[in-house]
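Read through the structure below, which is laid out as structure tokens, and then see the notes.
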Amino acid sequence: MLNADPLELAKFSELAHRWWDPDSEFRPLHQINPLRLDWIDGHARLAGKRALDVGCGGGILSDSMARRGASVLGIDLATKPLRVAQLHAMEAGTTSVEYREVAAEALAAESPAGFDVVTCMEMLEHVPEPASIVRACATLVKPGGWVFFSTINRNAKAFLMAIVGAEHVLELLPKGTHEYARFIRPSELAQWCRDAGLDLVDARGLEYNPITRRYRLSADTSVNYLVACRKLP
């Protein structure tokens, strides 16, 4: 059984042709990408590294990591977004990125300890068994390597801001993008990481200012948040 929700795959596949439109439904991804890229690069020093982007979608983060000097593999189980990612790489001339339609768990069995850096951003809240993805990411990274996750906290504030605010009031995201029951508390993610042999090194919140329409990283992990981990030797 694949660790994927067919409805989630279909939802993102229907929008695949708009992935690289910075004014589309994926505008928030384009806006936050420089922040998360700089944060990842600051920890992992991407230049010259072999990186894996799990749940890469249309390749926004994968492409930008390649442009920072990493050799990148982006994986996803949604065919249409992967085709969009491949086409964009061809058009943009990004030669150090490739894409595969393969599950993280399957790739972990195929290439354990195959990567210096593994990212899994905005994906865990969309799969049936997020802890399985965490374990796969831990298997895929080399000892001493970096693993990065981002997801959404599960509390009343997160419900109000990530669903009511972002999807219904501000319309930053299409309605139905997120399901509250699938949100993940930082303590839960931290436990999954420890169980998988990952040492949590850093955590940051991602905040949105509706007045300036800008995002920023902060110490507030009560809604959107990112974590940086290292694989224990």
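For the stretch 2-19, give me each residue that is in a loop (DSSP other than H, G, I, E, B) and open to solvent by 70 Å² or more (accessible area, probe 1.4 Å). 2, the sole residue that qualifies. Provide a single number: the residues in the stretch 184-195 that are open to solvent by less than 20 Å² (accessible area, probe 1.4 Å) and assigned to a loop (DSSP other than H, G, I, E, B). Result for the stretch 184-195: 1. Sub-7 Å Cβ pairs linking a first residue in the stretch 29-42 that is open to solvent by 40 Å² or more (accessible area, probe 1.4 Å) to a second residue that is of a type in the set (Ser, Thr, Tyr), at least 6 apart or interchain, are 31/215; 35/215, ordered by first then second residue. Just to verify a result, which residue in the stretch 87-101, among those that are open to solvent by less than 80 Å² (accessible area, probe 1.4 Å) and either modelled with pLDDT under 95 or not small (Gly, Ala, Ser) (or both), is farthest from residue 118 (Cα to Cα)? It comes out as 88. Screening residue 200 with (1) among the hydrophobic types (A, V, I, L, M, F, W, C); (2) in a helix (DSSP H, G or I); (3) open to solvent by 60 Å² or more (accessible area, probe 1.4 Å) gives one miss only, at (2).
Selection over the stretch 102-111 of residues that are within 20 Å of residue 5 (Cβ to Cβ) and open to solvent by less than 40 Å² (accessible area, probe 1.4 Å) gives a count of 5.
Of the residues screened, residue 50 is one that is in contact with an Asp or Glu (Cβ under 6 Å, 6 or more places away or on another chain), open to solvent by 50 Å² or more (accessible area, probe 1.4 Å), more than 25 Å from residue 182 (Cβ to Cβ) and touching a residue at least 12 places away in the same chain (Cβ under 8 Å). The single residue among 168, 178 that is of a type outside the set (Val, Ile, Thr), closer than 22 Å to residue 25 by Cβ and in a loop (DSSP other than H, G, I, E, B) turns out to be 178. Of all residues in the stretch 80-101, count the ones that are of a type outside the set (Asp, Glu) and in contact with a Ser or Thr (Cβ under 7 Å, 6 or more places away or on another chain). Summing the residues that are of a type outside the set (Asp, Glu) and in contact with a Ser or Thr (Cβ under 7 Å, 6 or more places away or on another chain) in the stretch 80-101 gives 5. Please verify whether the stretch 115-122 includes one or more residues that are surrounded by 15 or more Cβ atoms within 10 Å (Cβ to Cβ), within 11 Å of residue 55 (Cα to Cα) and without any contact (Cβ under 8 Å) to a residue 60 or more places away in the chain. The answer is no, given that none of the residues of the stretch 115-122 is surrounded by 15 or more Cβ atoms within 10 Å (Cβ to Cβ), within 11 Å of residue 55 (Cα to Cα) and without any contact (Cβ under 8 Å) to a residue 60 or more places away in the chain. When residue 102 is tested against (1) touching an Asp or Glu at 6+ places or on another chain (Cβ under 9 Å); (2) of a type in the set (A, V, I, L, M); (3) within 21 Å of residue 30 (Cβ to Cβ), just one condition goes unmet, and that condition is (3).
Residues in the stretch 212-222 that are open to solvent by less than 90 Å² (accessible area, probe 1.4 Å), modelled with pLDDT of 95 or more and either hydrophobic (A, V, I, L, M, F, W, C) or in a loop (DSSP other than H, G, I, E, B) (or both): 217, 220, 221, 222.
Scanning the stretch 184-232 for residues that are acidic (Asp, Glu) and touching a strand residue (DSSP E or B) at 6+ places or on another chain (Cβ under 6 Å) returns 199, 202, 207, 220.
Which residue is modelled with the lowest pLDDT, if the candidates are limited to the stretch 150-183 and must be open to solvent by less than 20 Å² (accessible area, probe 1.4 Å) and out of contact with any helix residue (DSSP H, G or I) (no Cβ under 9 Å at 6 or more places or on another chain)? For the stretch 150-183, the residue satisfying everything is 167.
The values are calculated or read from the model by the stated rules, or taken from the named source; none is laboratory data. From a predicted model like this one, the values you see are computed outputs, not experimental measurements. No Cβ is skipped: glycine too gets one built from the backbone with ideal geometry, and neighbour counts run over all protein chains shown. Keep in mind that these areas ignore ligands, DNA and RNA; they rest on the heavy atoms of the full protein, side chains included. Shrake-Rupley method; radii C 1.70, N 1.55, O 1.52, S 1.80 Å.
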